[in-house]
Structure formats: C-alpha cells, structure tokens
C-alpha cells in the first residue's frame, strides 16, 4: 500500500508538477485510516475517499479490501496531490467537480489498463450519452433524478480522457497542468480555449463518440462487458437511451426527423441514430441541420459522423458541418452492411449548464 502511494506521489510531482498536501509544510504526517465498519472507533459513514480534519489537513479512508486494490490506491492517491490546486476554476463543485473525479479515474485507468475488471465507465456513457459532459451530483437540470446512473458520469468521463491521451495522443500532462496553473476557467473551458483548442477538441470528441458506437473499440472487450454488466445491475433503466432514434433506414427515408425533446444532446454530449439497413445497398444522402440556438439561447455547434457496421470492417465517415450547423454527405451501403449509425455531437463554445441543442436529419436516395 505505502509503496503504491509513494509511486503515485512520484508520478504526480515529477511528471505532472503537482504539489504535496499541506502536511509537508506543517510538519505532520498524512494520515490514512483503514477502518472496519462497526468494529472500530471511526465513523460508520466512512467509505473510501479523502476528507479534511479540523486542522485543515486532508486524510484518506479505506475499508478492506480496497486498501489493497491498486486501482483504488491510484484513484484516491491522485486526489491527495490535487488537494493544493491553486486554480479556482477547478473547484470541487458545480460544473467543474466532474474533472477532479474524471482525472483521478483516468490516472487509475491508464496505469491499470490491462485489468479486465477495470471500472471503465463506458457502460454509463452508452446508457445516457445525451447527458452533459460535466454532469455530477449537484448540477443537473431541474427535475433531473439524482441516483447512481446520473452521479457515476463524472467518473465515467475518464473514458473520454483516456481516449484523448492514449488514442488521440494528447499529452497526459496537458490534462493535469491546469490544476496548478492559477486557472479561473472551468476545466472544460480551459481545454477548449487554451490547452487543446476548439477545433481539435471538437474533432476528438466526435471521433470518440463514433468509436463508442462501434462497441468502444479502443477498450478491451472484457472491460466493456464488465462495465455494461455494472450499469445493468446498478443503473436506473428508465433513464437508458443509447439511441435517440432506432429505426430501419426505409422507415426514415425522405422524412425529416428530430430527436425527442427529452433526449436532445446537452452541452458536449451526443445522440446516436441507429438505422437497420435491412440489406439495402446503394447510395444514400445524409443531411443534418442544426438549430442555431440552444434551449437557453447559447450558440449551437455540431460535429457529426456516420458509422457503418456489418460483416465488413467498420467504416467511419466524417460529415463536414458548415458553421457547425449544416452537414451534407453521400454514403454508400454495400453487401454485408447491417447498421448505419448517425452520431451527432453537440460541442458548443458554451461549456456549462444544462441547455440542450436541437437538430434535424434527412436521409434520401
């Protein structure tokens, strides 16, 4: 346990230029409590996590067997070195709280990638893909349920961060340097405007969403299956909507369609339109028209992809979106193509709140 946490410290300080908790300066030890519910003097509500004592010193709590699990040690250990962050925009509250949990889970994910039971949150993303990127426990829209399915998203967004660093090859340090950069912007705003940039981040997000639709092809199959089982067991099935629309391609042909209002994508989320080809082949024209303003009048911006699956190798097609609103592309279905998915990501410059972004699509021959 101590060896693993010391290793977390070494990486955090040397590679990511993070800081020790306040105990280093005040001359006290950092305390770690391994507690047994009902069998010791510690509060019964203690679980696994970091708290702060009456002297403003952080501490960790673990319940067996998690104190011996490298994934939990990596996640909670990373929180230790986030503690002294000097960036007010990265506070553990509101629309920034998600990033503290997502980066700690990402740290665990990339360090322990070969574990099949790794808690990648892909199943939670798949179940409710239209939820805002920054959704956490206390910043939902009025009427949003607060339960496991909605609260787990802040951890599950580590899947996006994993894709960014391990697949899109964004440097790992780029995701972390904002903690100690005296940043007033929200984490997602800092990534969008400075660290990565609007154009690149939008493209990465839409590419990530399209590979999610292709069975999360950047993860190990056992990890994906494990996460889906977890979501099925713990999740609220009344909230699941992996496909905003699921239909045959014939049923939507020549009919302009829009997603149900309840499932319109919120900021930095996406819809998937699932279309069964029913064996049809030939050329199809796909048109997408984004509504220029979100539900609370923020300027809309969309990225879109077509994903075609079947007996052949999966094909990914980018739809160029003029001004982030209008897309038009011709795609060809061939023998063996079974499904065509439209992936429509709302990626506006407005990066907070819960407004949704509407659009229509039309498929013709």
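The values are calculated or read from the model by the stated rules, or taken from the named source; none is laboratory data. The structure presented is a predicted model; accordingly, all values stated were derived computationally and were not measured. Ideal geometry is used to build each Cβ from the backbone, glycine not excepted, and the neighbour counts take in all protein chains shown.
Worth pointing out:
- Residues that are over 19 Å from residue 257 (Cα atoms) and either touching a strand residue (DSSP E or B) at 6+ places or on another chain (Cβ under 6 Å) or assigned by TED's automatic domain parsing to the domain that holds residue 160 (or both) within the stretch 319-332 comprise just one, 332.
- The lone exception for residue 117 - which of (1) part of a loop (DSSP other than H, G, I, E, B); (2) not assigned by TED's automatic domain parsing to the domain that holds residue 181 it fails: (2)
- Residue in the stretch 342-357 that is over 29 Å from residue 187 (Cα atoms), surrounded by fewer than 22 Cβ atoms within 10 Å (Cβ to Cβ) and modelled with pLDDT of 95 or more present: no
- Any chance residue 31 is in the same structural domain as residue 79 (by TED's automatic domain parsing) and over 16 Å from residue 76 (Cβ atoms): no
- Candidate set: the stretch 36-62, residues that are at pLDDT 90 or above and in a loop (DSSP other than H, G, I, E, B); chosen: the one surrounded by the fewest Cβ atoms within 10 Å (Cβ to Cβ): 54
- Residue list for the stretch 304-313, filter: touching a residue at least 40 places away in the same chain (Cβ under 8 Å) and more than 23 Å from the chain's Cα centre (by Cα): 309
- Subset of the stretch 1-35 (residues that are in a loop (DSSP other than H, G, I, E, B) and touching a residue at least 12 places away in the same chain (Cβ under 8 Å)): 1, 16, 17, 18, 19, 20, 21, 22, 28, 30, 31, 35
- Listed by first and then second residue, the pairs linking a residue in the stretch 329-340 that is free of Cβ contacts under 8 Å to residues at least 40 places away in the same chain to a residue that is assigned to a loop (DSSP other than H, G, I, E, B), with Cβ atoms under 7 Å apart and 6 or more places separating them unless they lie on different chains, are 336/311; 336/312.
- The set of residues from the stretch 182-202 being surrounded by fewer than 18 Cβ atoms within 10 Å (Cβ to Cβ), touching a residue at least 12 places away in the same chain (Cβ under 8 Å) and out of contact with any helix residue (DSSP H, G or I) (no Cβ under 6 Å at 6 or more places or on another chain) comprises just one member, 182.
- Residue 232 passes every criterion in (1) surrounded by 14 or more Cβ atoms within 10 Å (Cβ to Cβ); (2) in the same structural domain as residue 131 (by TED's automatic domain parsing) apart from (1).
- Any hit, the stretch 68-90, residues being farther than 29 Å from residue 188 by Cβ and either in a helix (DSSP H, G or I) or out of contact with any helix residue (DSSP H, G or I) (no Cβ under 8 Å at 6 or more places or on another chain) (or both): yes
- Considering the stretch 91-114, and only residues there that are in contact with a helix residue (DSSP H, G or I) (Cβ under 8 Å, 6 or more places away or on another chain), modelled with pLDDT of 95 or more and in a loop (DSSP other than H, G, I, E, B), the residue that is farthest from residue 243 (Cα to Cα) turns out to be 91.
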